[in-house]
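What follows is a set of notes on a single structure, which appears directly below.
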Amino acid sequence: MKVVTAAEMRQIDQDTIEGVGIPGIVLMETAGSAIVRAIEQRYPTCHRIGIFVGKGNNGGDGLVIARQLAHAGRDVHLFLVSPADSFTGEAEINLQIAKRLGLQIEFYGNPEAVPTTLASCELLVDAIFGTGLRDTVRGSIATVIKTLNNFSIPILSVDLPSGLDANTGHPLGTCVRADRTITIGLPKRGLLVHPGAEFAGKLEVVDIGFPEQVIDAQGIKVNWTTTTQASQWVPPRPPASHKGTYGRVLVVAGSTGMTGAAALASEAALRTGAGLVTLAAPNHLNPILEGLLPEVMTLPLPETDAGSLSVSATSAILEFAEKTKSVLAIGPGLSQHPDTVRLVHQLIRENREQALNLRMVVDADGLNALSQVPEVISLLDREAILTPHPGEMSRLTSSSVPSLEADRIRTAQRFASEHNLTLVFKGAPTVTGLPNGDVWINSTGNPGMATGGMGDVLTGIIAGLMAQGHSNETAAVLGVYLHGLAGDIAAEALGMHGLVASDVLKAVPKAISSLRK
């Protein structure tokens, strides 16, 4: 599903009205009808409903909602936050209709005096500001919003919580804290990133019939990964298949004290469906890993005096990966020992110089090795996926974490495009940038996943999907979605507090199964 800026949404609206010829009043009626249907489904027992409307198109949507809910028998109370004579266009038309139909309308011009009708409402609908808001919310409307937030009554926002910047997700002064937001046509960027996602509450998107060709003409580069899209990418499992059908993964990971990271990544590749997984690890860890991972083969390799992989293991790793046609997963628990850092650099250099074209996922200490010699990044190409968290991204780019987090979408998009690779910028939400400039915002996952080892599981999932034949781009986007979905399944069963990476690992097959259904 495409994700729009405020400007892109306005252009879609304008092209639909002027180019296609669908009148704005028709779009407003359709939007109102769609939201009324959602209210009837989500709040079937809420009889008394207070609707706050502004003077623009968002308020016009609210007026349509009020009229249709009243027609359906709900006890509707309209509160205007601007004088009636300031309404224009389709909003004014719908206000006049509401008046002629005798709807209960109050001008909420003195927010200090809370109407008794408001206090008795069972649902509040926020239709004050939409995507057109640019300035900080001040004065009486700011007080109105604060009043709404102080009630323990559910709030449903129309299109966008009033006071939220549609592009950045930051509040413009005072902002409605909605329990649910029903956005119209397409999701806006500010609803999917934080803190906007917290103000929006549960998000739903309603289709009001914007023509596909109008949307396509915008050249929108940002997407939201939905269940429908993810389910179309799940790898098939033919009845006559065998382990060789599903590819091989070579995990280059582990060091003294960090065997868990290597184990999690290796098992995650298997749980995602890879046919064969081999773990290349320091020689002294081999007995431990063989006992810990009965389904994973091992490749014991030369090590440093600190118990990490030595640069002398480079040839063995590349020869094994080339011979077996394995996808490389490099980095979990690898350590930052200088000799191990050189190993990472050498693997990437020789892959390029020998034109091996090995596909790889680089995570954790693999990324830390890249940040020490940034020019090595230029030796990567479309065959590589990098999966940094904000701290690792900061080291890769020599930028502060706050500056990177300020616009996660732009951060991922710029890095992926500049380096011609796929970048998974982990966080809330995880954003995946592709070499062609497209960006995918993930829609799964929960705060319980903010714990050690989760990134190792993600590395294995992505590598497992690559081994099964997915392109890097699809493997990254689907892998992030599956990882978050497995986390949601685990949290549903166990709760978010105390959720650990192995809980998510065990839920990966169930996540895949749920998408198949």
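Regarding segment 295-434, what's the average projected area of the Cα-atom convex hull, expressed in nm²? Present the calculation step by step, with values, prior to reporting the outcome.
Working: hull surface 35.2 nm².
Answer in nm², one decimal: 8.8.
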**Report entry** Interatomic Cα distance distribution for segment 5-133, bins of 10 angstrom, percent
**Finding:** 13, 44, 32, 10, 1
Query raised in the report: Can you list residues whose amide H is under 5 Å from H170's amide H, if they're 5+ apart or on another chain and H is modeled 1.01 Å from N?
Result: D165
Report task. Go through K243/K510; K243/K506; K221/K510; K202/K506 and tell me which ones have a Cα-Cα distance over 23 Å in this structure. Result -> K221/K510; K202/K506
Query - E18 - accessible surface, heavy atoms, 1.4 Å probe, Å² rounded to 10 - result: 140
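Ignoring ligands, DNA and RNA, what accessible area per residue does segment 320-473 give at 1.4 Å, in Å²? Don't skip to the end; give the middle numbers.
Numbers: 5340 Å² over 154 residues.
Heavy-atom SASA per residue in segment 320-473 reads 35 Å².
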**Report entry** Cα principal axis extents for segment 181-291, largest first, Å
**Finding:** 60, 41, 24
Query raised in the report: In 20 Å bins starting at 0, how do the alpha-carbon pair distances of the chain split up by percent?
Result: 22, 45, 25, 8, 0
Requested in this report: Would you kindly derive the ³J(HN,Hα) couplings of segment 336-345 from the backbone phi angles with the Karplus curve 6.51 cos²θ - 1.76 cosθ + 1.60 (θ = phi - 60°), listing them in order in whole Hz, with x for Gly and Pro?
Outcome: 10, 4, x, 5, 6, 4, 5, 4, 4, 4
Requested in this report: Just the number, please: Stokes-Einstein D of segment 82-179 in µm²/s, Kirkwood Rh from C-alpha pairs, 37 °C, 0.692 mPa s.
Outcome: 227
Requested in this report: Output the antiparallel fraction of DSSP beta bridges having both residues in the chain, as a percent to the nearest 5.
Outcome: 15
Query raised in the report: Accessible area, 1.4 Å probe, largest first: how do F151, F199 sort?
Result: F151, F199
Query raised in the report: To the nearest 10 Å², what's D488's accessible area with a 1.4 Å probe?
Result: 50
Report summary line: Counting only DSSP loop positions in segment 278-378, the trypsin sites (Lys or Arg not before Pro) whose Cβ has at most 15 other Cβ atoms within 10 Å are K325
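Leaving out ligands, DNA and RNA, and with a 1.4 Å probe, what % of the accessible surface on segment 314-427 is carbon or sulfur? All intermediate terms of the calculation are to be shown ahead of the outcome.
Details: 2090 of 4440 Å².
Answer for segment 314-427: carbon and sulfur cover 47 percent of the accessible area.
What does the helix-only formula give at 222 nm for the chain: each DSSP H stretch with n ≥ 4 adding -39500 (n - 2.57), the total divided by the residues, and the result rounded to the nearest 500 deg cm²/dmol? Please list the in-between numbers first.
Working: 21 runs with 225 residues, N = 517.
Computed ellipticity for the chain at 222 nm equals -13000 deg cm²/dmol.
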Report summary line: Counting Lys and Arg as +1 and Asp and Glu as -1 over every other residue whose Cβ sits under 15 Å from the Cβ of M496, the net charge comes to -3
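Given a 1.4 Å probe, how much area per residue of segment 106-255 is accessible, in Å²?
Working: 6250 Å² over 150 residues.
Roughly 42 Å² per residue, with all protein chains present.
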Requested in this report: Pop a pseudo-label 7 angstrom from the Cα along the beta-carbon direction at both V401 and K243 and give the gap in nm to one decimal.
Outcome: 4.1
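In the neighborhood of W224, defined by Cβ-to-Cβ distances under 11 Å, what is the net charge if each Lys or Arg adds +1 and each Asp or Glu adds -1?
+3
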Report summary line: Kirkwood Rh for segment 216-258 from C-alpha pairs, in Å, is 15.3
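When only C-alpha pairs under 8 Å and at least 6 residues apart count, what is the relative contact order of the chain, in percent? Before the final figure, lay out the partial values.
Details: 1115 pairs, mean separation 59.8, N = 517.
Once divided by the residue count of the chain, the mean separation gives 12 percent.
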Query raised in the report: Which of the aspartates and glutamates could a cross-linker bridge to K517, judged by Cα under 20 Å and excluding same-chain residues fewer than eight apart?
Result: D488, E492
**Report entry** Which of T181, T88 is most accessible, then next, and so on - probe 1.4 Å
**Finding:** T88, T181
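The values are calculated or read from the model by the stated rules, or taken from the named source; none is laboratory data. Here the structure is a predicted model, which is why all the values come from computation and not from measurement. Every residue, glycine as well, gets a Cβ built from its backbone with ideal geometry; the counts of neighbours run over all protein chains shown. Note: accessible area is taken over every heavy atom of the protein model, side chains too, but ligands, DNA and RNA are not part of it. Shrake-Rupley method; radii C 1.70, N 1.55, O 1.52, S 1.80 Å.
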